[in-house]
Amino acid sequence: MKLTGRQRQFLNSFLDLYRETRQPLHYSAVAERLGVSAMTAYDMLRLLEERGLLASEYVLPERGPGRSIIVFRPTGKATTLMAQLAGEGWDREEWEGVKERILQALREGRGTDYQGLLEEILLRIPERKSPMLYGAEMITAVLLHLHQLKEEARGSSLLESLRSLGLPGELAGLTLGLSFVERANRRITSLLLSYSRKYQEYLARLSSDGRQRLSDFAEEVMRIVET
């Protein structure tokens, strides 16, 4: 399916707003986000609905009596299409499988330094062609190395910086920061730094949905390794 540049921008903004609110949207909210008239927003939403990218329904106002209003939500076709248009090149089923295998390996390794798992991941990273899988492996590797250096990382405020700056966007800077930790393994740090450029390139190709999935994944990894 082909979309015009305006239609693509409109749909992407709609999806971003929908993820923020986690509820169907009235066209006036979309109009406010995009800085267009309510009628323009309504017409575009109807057009996207005709193409199977949105679905509409009528609901009663949340407060007080009144007529029902029309709200819109995205269909599965919309998120799939935007991922394809963004050139993300990742399969959702494969992503879920790989993510769960990584998390399970982390759970099984609780109480260890995860060195064996870290070495496996460092070998796999260059072979990953999917932006999502490359990102997941990189995030895991950096967090595992931080875990091995947790006392030094705390002392240098790396973990605090990680929490405040957030992943996945600040991973490259975090990796560079590891090189200033005295006990950091130079071989591992050098490998991570060499992988960082491609990580940033892949990250730039991801939609907000892909980046949010990586952010949620990073939180899961941190919860496991910090317990």
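In table form, for the structure just shown:
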read-out	value
Residues being within 20 Å of the chain's Cα centre (by Cα), assigned to a helix (DSSP H, G or I) and over 16 Å from Thr189 (Cα atoms) - total across the range 107-136	6
Pair list, Cβ under 6 Å, 6 or more apart: the range 118-146 residue assigned by TED's automatic domain parsing to the domain that holds Val98, other residue of a type in the set (S, T, N, Q) and modelled with pLDDT of 90 or more	Ile121/Thr140
Single condition Glu160 does not satisfy, out of (1) of a type outside the set (A, V, I, L, M); (2) modelled with pLDDT under 90; (3) within 17 Å of Ser194 (Cα to Cα); (4) part of a helix (DSSP H, G or I)	(3)
Wholly enclosed helices (runs of 4 or more DSSP H) of the range 1-101 bearing at least 3 residues surrounded by 16 or more Cβ atoms within 10 Å (Cβ to Cβ) and modelled with pLDDT of 80 or more	5-21, 27-34, 38-50
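The values are calculated or read from the model by the stated rules, or taken from the named source; none is laboratory data. Please read these numbers as outputs of a predicted model, since none were measured by experiment. All Cβ positions, glycine included, derive from the backbone under ideal geometry; neighbour counts span all protein chains shown.
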